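A.B. asks: Take a look at this one; I'll ask things after.
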Amino acid sequence: MPAPATVGAPMLPADVSGDTFPSPETLFPIHILAVICALPWPCQEALQVAACESGLDPHAVGEEGEEGIFQVMPRFWGPVPADPLGQVLQAYHIWQEHGWQPWSCQPHHQEMTPDSSSSTSSMPVFLNSLSQEVR
């Protein structure tokens, strides 16, 4: 029997067997979006870079050895955490020091409005642009 959920903790769906839950390190794409946009960096730009680099896949490995959601090069930035949250935090720290320069995928800069500087206001714009690209 699974342990009871902590109050306020997000509920994760059971796997196909119905009797186990994903590990705490597992984040689904929508959770990855939320983690990326919870940090004080340009949300839409970070989502564009992550989507371009890996398709938001925390298990992605590039041809040159890049790893994770943001395709970080371990030989330059140290080991890439296995968990998605750690990957996003590592990318955030790189961005704090170097901006988007280390990434081959560069964000499309859009005109800033007074509300667009906040991280959460950019998420719907990004999701809308993603849905238009898929069509």
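What follows is calculated from the coordinates using simple rules that are stated; it is not laboratory data. What you see is a predicted model, and the numbers here were worked out from it, not measured in a lab. Using ideal geometry, Cβ is built from the backbone for each residue, glycine included, and neighbour counts are taken over all protein chains shown.
A.B. asks: Considering only residues that are assigned to a helix (DSSP H, G or I) and farther than 21 Å from Trp41 by Cα, look in region 60-102 and name the one that is nearest to the chain's Cα centre (by Cα). I'd like the intermediate steps shown before the answer.
C.D. replies: Going through region 60-102, the residues assigned to a helix (DSSP H, G or I) turn out to be 74-77, 84-98.
Those still in the list that are farther than 21 Å from Trp41 by Cα too: 74-76.
Working: Pro74: 18, Arg75: 21, Phe76: 20 Å.
Once the filter is applied, the top-ranked residue is Pro74.
A.B. asks: Could I ask something else about it? Only residues that are touching a Pro at 6+ places or on another chain (Cβ under 6 Å) and either in a loop (DSSP other than H, G, I, E, B) or hydroxyl-bearing (Ser, Thr, Tyr) (or both): list them for region 40-59, please. Walk me through how you get there before you give the answer.
C.D. replies: First pass over region 40-59, keeping only residues touching a Pro at 6+ places or on another chain (Cβ under 6 Å): 45, 48-49, 56, 58.
Selection gives Leu56, Pro58.
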